[in-house]
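*Asks:* First the structure, which I've put down as structure tokens, then a few questions once you've had a look.
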Amino acid sequence: MAKEKQVFFCKECGYESAKWLGQCPGCQSWNTFVEEKIKVGAHKTSVKKDAVAPTSILKATTADESRIKTDIKELDRVLGGGIVKGSLVLVGGDPGIGKSTILLQMCRNLVHTGVETLYVSGEESSGQIKMRAERLGTFDKDMTLLCDNDMDNISAVIQKSNASVVVIDSIQTVALDEVSSAPGTVSQVREVTARLMQLAKQNNVAIFIVGHVTKEGTVAGPRTLEHMVDSVLYFEGDKNNGFRILRGVKNRFGSTNEIGVFNMTDKGLEEVDNPSQMMLNGRPEGVSGSVVVSSLEGSRSILVELQALVCQTNFNMPRRTSVGVDFNRVNLIMAVMEKRAGLNLWGYDAYVSIAGGMKISDPAIDLGIACAIASSMRNKPVDEDTMIIGEVGLAGEIRGVTNIMQRVKEADKLGFKQCIIPASNYDVAMEKLDIKVTKVANIVEALGTI
Ligand code: TYD
Ligand code: MG
């Protein structure tokens, strides 16, 4: 007979403790412990199989590497070239961002090409799914739907069906009977995921699980969930405009940091073939404080507009705000500008933002931030056909960035006339392009050029 035990779990990292704790010893976050009841000795997550003998790497056979194409190019790219059979993929994102939509679109394309698919929803009824499917366009082949929350039942259906791709719409709604806590709690999410992992590997089906994201931006439930699955994809974007980015954060079968760019329309998500063009759409012309920078996202270079607004402050402490770029990075660059370029920024408020709701961590936009701030402060626009690349160092030097050729070529392709790059990145091959390449070595030189 299984005994019930009360334990406390950290919501962030899954750390288990017999007592409530204010700070988690595992991940150091505060106030994250929740109480849950678990049964002890009731079950084991892993089924003991026959002992497996060790083998040599030369003799090991690779599984069938053929990937299932989803026919959504942006999604295939993030997955590393298509769906790998037997993989477990977590799709996270804010509510209403479009997780169910993209997975349903994927299912439609899959059944169209003859791949059997099962869509399990614990959140919506079959009628609601049908309504959404009708918005997305016609399903010309049949797809199996299952509206259930019981993991044992779902498991039985997956084992019986011939589906090679299964979607579980929201891991937070599925529950195992033998775990006594409510659906969505740490122990449930962990056990259900372990069960799904086993199912995926044993039956060689690819399973996509949808995970809701907490306010802090992590998948609700333990972060161990991210360690358990093969790939983690995050859907981000501003809910108020249609722009959506699918980002690969972990991928056992391909590179990470690839992004897929989509646009939410009334007929579902549309792929964006040329993200730079879309990001630069509606750019104001001849306005001070607006510059174009380049950000490397996975294997692509994307051009985005960066804006700064600098105005005299009315407070003792000037205000600094940043959207889409790291706040501390902006402060650091402003300090370098004061010290090395002699700009008196202390009496000014500064607001820096990336247009289009993108978040950029590429240091190659540093020089763009500096130029935008200087442009806004002097109230002199930067030439709108100029793209700016470079990392700013504390000594005021402009440091080289990675994949410079790709970035310059992208600007050339989009019809930019000038490109400001770090001197150390200069390459004679750039002479062959139509775009004029200007080398800068330090921040004073750069601010003089613009
Ligand atoms: P959904 O996929 O349900 O989000 P999630 O599963 O991530 O919670 O997306 C819901 C949002 O998308 C909702 O605000 C409506 C919008 N939407 C469209 O704009 N067009 C469409 O064709 C569909 C299906 C949804
Ligand atoms: Mg949904």
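*Asks:* Answer yes if at least one residue in region 365-374 is under 28 Å from the mean Cα position of the chain (by Cα) and surrounded by fewer than 18 Cβ atoms within 10 Å (Cβ to Cβ), and no otherwise.
*Replies:* No, because not a single residue in region 365-374 is under 28 Å from the mean Cα position of the chain (by Cα) and surrounded by fewer than 18 Cβ atoms within 10 Å (Cβ to Cβ).
*Asks:* Search region 124-136 for residues being in contact (Cβ under 8 Å) with a residue 24 or more places away in the chain and within 27 Å of residue 176 (Cα to Cα), and hand back the single one that is surrounded by the most Cβ atoms within 10 Å (Cβ to Cβ).
*Replies:* Taking region 124-136 as the starting set, the residues that turn out to be in contact (Cβ under 8 Å) with a residue 24 or more places away in the chain are 124, 129, 132-133, 135-136.
Now restrict to residues that are within 27 Å of residue 176 (Cα to Cα): 124, 129.
Details: 124: 18, 129: 20.
Only one residue fits best here, namely 129.
*Asks:* Considering only region 409-423, I want to know if a residue exists there that is in contact (Cβ under 8 Å) with a residue 40 or more places away in the chain and part of a loop (DSSP other than H, G, I, E, B).
*Replies:* Yes, region 409-423 contains a residue that is in contact (Cβ under 8 Å) with a residue 40 or more places away in the chain and part of a loop (DSSP other than H, G, I, E, B).
*Asks:* Continuing with this model, one more query. Hey, does region 182-189 have a residue that's within 16 Å of ligand 1 (Cβ to nearest atom) and either assigned to a helix (DSSP H, G or I) or within 24 Å of the chain's Cα centre (by Cα) (or both)? First the steps, then the outcome.
*Replies:* Step one: list which residues in region 182-189 are within 16 Å of ligand 1 (Cβ to nearest atom), which gives 184.
Those still in the list that are either assigned to a helix (DSSP H, G or I) or within 24 Å of the chain's Cα centre (by Cα) (or both) too: 184.
Yes, because at least one residue in region 182-189 is within 16 Å of ligand 1 (Cβ to nearest atom) and either assigned to a helix (DSSP H, G or I) or within 24 Å of the chain's Cα centre (by Cα) (or both).
*Asks:* While we're looking at this one, here's another question. Pull out all pairs, ordered by first then second residue, where Cβ-Cβ is under 7 Å, the residues are six or more apart or on different chains, the first lies in region 374-399 and is under 11 Å from residue 291 (Cβ atoms), and the second is open to solvent by 10 Å² or more (accessible area, probe 1.4 Å) and hydroxyl-bearing (Ser, Thr, Tyr).
*Replies:* Matching pairs, first to second residue: 375/288; 376/288; 381/288.
*Asks:* Might you check whether a residue that is open to solvent by less than 30 Å² (accessible area, probe 1.4 Å), aliphatic (A, V, I, L, M) and assigned to a helix (DSSP H, G or I) occurs anywhere in region 377-399? Give the steps one after another, and end with the answer.
*Replies:* Initially, region 377-399 is screened for residues open to solvent by less than 30 Å² (accessible area, probe 1.4 Å), giving 382, 386-390, 392-393, 396, 398.
In the following step, the residues that additionally are aliphatic (A, V, I, L, M) were identified as 382, 387-389, 392, 398.
Then keep just the ones that are assigned to a helix (DSSP H, G or I); that gives none.
Taking every residue of region 377-399 in turn, none turns out to be open to solvent by less than 30 Å² (accessible area, probe 1.4 Å), aliphatic (A, V, I, L, M) and assigned to a helix (DSSP H, G or I).
*Asks:* Restricting to region 99-145, name every residue that is aliphatic (A, V, I, L, M), within 13 Å of ligand 2 (Cβ to nearest atom) and part of a strand (DSSP E or B).
*Replies:* 120, the sole residue that qualifies.
*Asks:* Right, another one. When region 85-95 is examined, which residues are found to be more than 8 Å from ligand 2 (Cβ to nearest atom) and not in a strand (DSSP E or B)?
*Replies:* Taking region 85-95 first, the residues more than 8 Å from ligand 2 (Cβ to nearest atom) are 85-94.
Within region 85-95, 85, 86, 87, 94 qualify.
*Asks:* How many of the residues in region 255-273 are small (Gly, Ala, Ser), surrounded by 14 or more Cβ atoms within 10 Å (Cβ to Cβ) and away from ligand 2 (no atom under 16 Å from the Cβ)? Step through it out loud before you land on a result.
*Replies:* Just the residues of region 255-273 that are small (Gly, Ala, Ser), to begin with: 255, 260, 268.
Keeping just the survivors that are surrounded by 14 or more Cβ atoms within 10 Å (Cβ to Cβ) gives 260, 268.
Then keep just the ones that are away from ligand 2 (no atom under 16 Å from the Cβ); that gives 260.
Total meeting the criteria: 1.
*Asks:* I've got another one for you. For the subset of region 406-429 comprising residues that are exposed (fewer than 15 other Cβ atoms within 10 Å of the Cβ) and closer than 15 Å to residue 386 by Cβ, which member is modelled with the lowest pLDDT?
*Replies:* Taking region 406-429 and keeping what is exposed (fewer than 15 other Cβ atoms within 10 Å of the Cβ), we get 406, 415, 417, 424, 427-429.
Still in the list and also closer than 15 Å to residue 386 by Cβ: 415, 417.
Details: 415: 88, 417: 92.
Result: 415.
*Asks:* Could you go through region 339-346 and let me know if any residue there is within 25 Å of the chain's Cα centre (by Cα), in contact (Cβ under 8 Å) with a residue 40 or more places away in the chain and open to solvent by less than 40 Å² (accessible area, probe 1.4 Å). Please lay out each step first, then the result.
*Replies:* The initial filter retains those residues of region 339-346 that are within 25 Å of the chain's Cα centre (by Cα), namely none.
No, every residue in region 339-346 fails to be within 25 Å of the chain's Cα centre (by Cα), in contact (Cβ under 8 Å) with a residue 40 or more places away in the chain and open to solvent by less than 40 Å² (accessible area, probe 1.4 Å).
*Asks:* Another one. Consider residue 432 carefully, then state whether it is open to solvent by 60 Å² or more (accessible area, probe 1.4 Å), among the charged types (D, E, K, R), more than 23 Å from residue 282 (Cα to Cα) and in contact with a helix residue (DSSP H, G or I) (Cβ under 8 Å, 6 or more places away or on another chain).
*Replies:* Details: open to solvent by 60 Å² or more (accessible area, probe 1.4 Å): yes; among the charged types (D, E, K, R): yes; more than 23 Å from residue 282 (Cα to Cα): yes; in contact with a helix residue (DSSP H, G or I) (Cβ under 8 Å, 6 or more places away or on another chain): no.
In short, no.
*Asks:* Go through region 77-123 and report how many residues are open to solvent by 20 Å² or more (accessible area, probe 1.4 Å), over 20 Å from residue 146 (Cα atoms) and within 12 Å of ligand 1 (Cβ to nearest atom).
*Replies:* Selection size over region 77-123: 3.
*Asks:* Pairs under 8 Å by beta carbon, first residue under 17 Å from residue 213 (Cα atoms) in region 95-107, partner more than 8 Å from ligand 2 (Cβ to nearest atom) and part of a helix (DSSP H, G or I), six or more apart or different chains?
*Replies:* Going by the 8 Å Cβ cut-off, the qualifying pairs are 100/132; 101/132; 101/136; 102/75.
*Asks:* Right, next: Looking at residue 194 and the list (1) within 24 Å of the chain's Cα centre (by Cα); (2) buried (at least 22 other Cβ atoms within 10 Å of the Cβ), which single condition is not satisfied?
*Replies:* Evaluating residue 194 over (1) within 24 Å of the chain's Cα centre (by Cα); (2) buried (at least 22 other Cβ atoms within 10 Å of the Cβ) leaves (2) as the failure.
*Asks:* Consider residue 225 against the criteria (1) assigned to a helix (DSSP H, G or I); (2) open to solvent by 10 Å² or more (accessible area, probe 1.4 Å); (3) at pLDDT below 85: it satisfies all of them except one. Which criterion is unmet?
*Replies:* (2)
*Asks:* Kindly evaluate residue 341 against the criterion of being modelled with pLDDT of 95 or more and either in contact with a Leu (Cβ under 7 Å, 6 or more places away or on another chain) or farther than 27 Å from residue 313 by Cα (or both). I'd like the intermediate steps shown before the answer.
*Replies:* Details: modelled with pLDDT of 95 or more: no; either in contact with a Leu (Cβ under 7 Å, 6 or more places away or on another chain) or farther than 27 Å from residue 313 by Cα (or both): yes.
Judged against the criteria, residue 341 is not a match.
*Asks:* Of everything in region 158-181 that's in contact (Cβ under 8 Å) with a residue 24 or more places away in the chain and surrounded by fewer than 17 Cβ atoms within 10 Å (Cβ to Cβ), which residue is farthest from ligand 1 (Cβ to nearest atom)? If you could, list the steps in order and put the result at the bottom.
*Replies:* The first filter runs over region 158-181 and keeps only residues in contact (Cβ under 8 Å) with a residue 24 or more places away in the chain, leaving 158-159, 161-181.
Going one step further and asking which of them are surrounded by fewer than 17 Cβ atoms within 10 Å (Cβ to Cβ), we end up with 159, 161-162, 177-178.
Details: 159: 26, 161: 23, 162: 26, 177: 26, 178: 28 Å.
Looking at the filtered set, the residue picked out is 178.
The values are calculated or read from the model by the stated rules, or taken from the named source; none is laboratory data. Here the structure is a predicted model, which is why all the values come from computation and not from measurement. Cβ atoms come from the backbone with ideal geometry, glycine included; neighbour counts cover every protein chain shown. Just the protein is used for accessible areas: all its heavy atoms, side chains included, with ligands, DNA and RNA removed. Shrake-Rupley method; radii C 1.70, N 1.55, O 1.52, S 1.80 Å.
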